[in-house]
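Below you'll find the structure, written out as structure tokens, and then a few comments.
Bear in mind that the values in this text are calculations on the coordinates, not laboratory data. Predicted, not measured: the structure shown is a model, and the values here were computed from it. In this analysis, Cβ positions are derived from the backbone assuming ideal geometry, glycine residues included, and neighbour counts consider all displayed protein chains.
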Amino acid sequence: MDAEPLTIYFDGDPLPARPGDTVSAALLRAGHLATTRSPKYRRPRGPYCLIGECGTCQLRIAGQPNLRACLTVVQEGLVVESQNAWGPAGLDPTRLVDHLFRRGFDHHHFLVRPRLANVAMQAIARTMTGFGVLPELPRPGAPPPELHEHVPTVLVLGAGPAGRALTGALEAAGVDVLALDRRDRLGLSRWHPAPLPQRLLVDTGAFGVYAPERLIAAASPPLAGGSPRLHLVRPKHIVFATGAREGMIPLLNNDLPGVLAARGLAHLLERTDSQLTAPCVLLGDGEEAEALAAQLGVHRYAPADVERILGRDHVEGIVVAGRTIPCGVILLAPTRAPISELAAQAGAQLRFDGAGFAVLTDPDGRALLAPRPPDADDDPAEPPWQIWACGHVRNTSVDPTADGLAVAAALLAELAASEPS
């Protein structure tokens, strides 16, 4: 990118960044792999999925705790701070846990007696597992959150390949459609070449589906120093195009900083017009793993051949067939799991596909409803909306663009059939 570089501050130190970077991109480029520690065992943690799904990159950003660094775009002078760490920058006294309990410990039965010791241990544990502190108080006279209400015919959750294909077909037919996505516009544009939806709320995450109230609640960060925005959406049809998240490959030390999802890193490099500079290897099976290795220009190993990942505070290498291969970054290409939690809130039935829970649909993409509990007290006479799913949230092996177009055709046929004659 040709724009002027920016400066952000990480734990008080200036850090160069590029316009359009996410905080994770700037930190990784500067060699900051570890940014926090795990809540139970105080193991070093860093970003993994890089698409906002895993939560291991949460930091305190501009005074707000628990923000995902991989979804937060840098600004000049942005202040970023580590969370869940004690002491001055670079000194974490809880590293002693690693030394005192080299074989691990059963924290459920640790210091159960005497009771006084247990009370003290619990107080220390609660402090150690905290994810940051409360956000800074708003300034006096700060405006309240903005409330926006939307009543589209179709709400599409997700603007990836499947969501874009479906939304484009609906827009071409004149359907009133609104799309939401948690990612920002630049990230979405660089992720896939298809045009973005015309009515798209970026940086907007749906956090609740309330069937009895017939609404979906979503939130967006403030614009240009304004207030956060709350969106209440009451659609007739909901299409879940939420895609799939990165799974994990079971290997010793697979949680070390420097273990990254290959697909997420590929998207990040596309976004920032960057190239890999650290020595890397990719672990994964199948054609997609081979394609990712070729795209990123790294050597691929089958996970079954890897004995362990080396390193203590960050990745230092892997052991394959007794041979040590030094590397600073390990890219994983595991089987993905559908992102189906919101669909389940809406009433969709799920099925286990071997890696996660996919939305169960008919061949046209209509979600099958989950059985109602016997003590349900809301009116079962008429579902509040028609639920659809397309792309990897219903089947991780389909082509998401083709599936989005197929579900769009079925939805358009249903809309045409429901129009008064």
Per DSSP, loop trypsin sites (Lys or Arg not before Pro) in the stretch 9-51 with at most 14 further Cβ within 10 Å: Lys40
Rounded to one decimal in Å, the inverse mean reciprocal Cα-Cα distance for the stretch 244-380, i.e. its Kirkwood radius, is 17.2
Using the Karplus curve 6.51 cos²θ - 1.76 cosθ + 1.60 with θ = phi - 60°, what ³J(HN,Hα) values do you get for each residue of the stretch 205-216, in whole Hz, with x for Gly and Pro? x, 6, 10, x, 10, 10, 5, x, 8, 6, 8, 10
Ellipsoid equivalent to the stretch 154-304 - semi-axes via the Cα gyration tensor, in Å: 34, 17, 16
Farthest positive-ward along the stretch 248-333 dipole, Cα basis, beta-carbon charges - from Leu252, Tyr301, Gly284: Leu252
Name the residues whose placed amide hydrogens come within less than 5 Å of the amide hydrogen of Gly311, ignoring near sequence neighbours (fewer than 5 apart) on the same chain. Glu316
Computed from the mean reciprocal separation of all distinct C-alpha pairs, what Kirkwood hydrodynamic radius does the stretch 288-332 have, in Å? 11.2
Mean Cβ neighbour count within 10 Å, used as a protection proxy, ranking 395-406, 304-315 highest first: 395-406, 304-315
Enumerate the whole-percent occupancy of each 10 Å bin, from 0 to the last occupied one, for all C-alpha pair distances of the chain. 4, 19, 27, 26, 17, 6, 1, 0
What relative contact order, as a whole-number percentage, does the chain give when Cα pairs under 8 Å and 6 or more residues apart are counted? 15
Quick one: Cα centre-to-centre distance for the stretch 390-421 and the stretch 276-298, in angstrom? 33
Rounded to the nearest 20 debye, dipole of the chain from Cβ charges on Lys, Arg, Asp, Glu: 1420
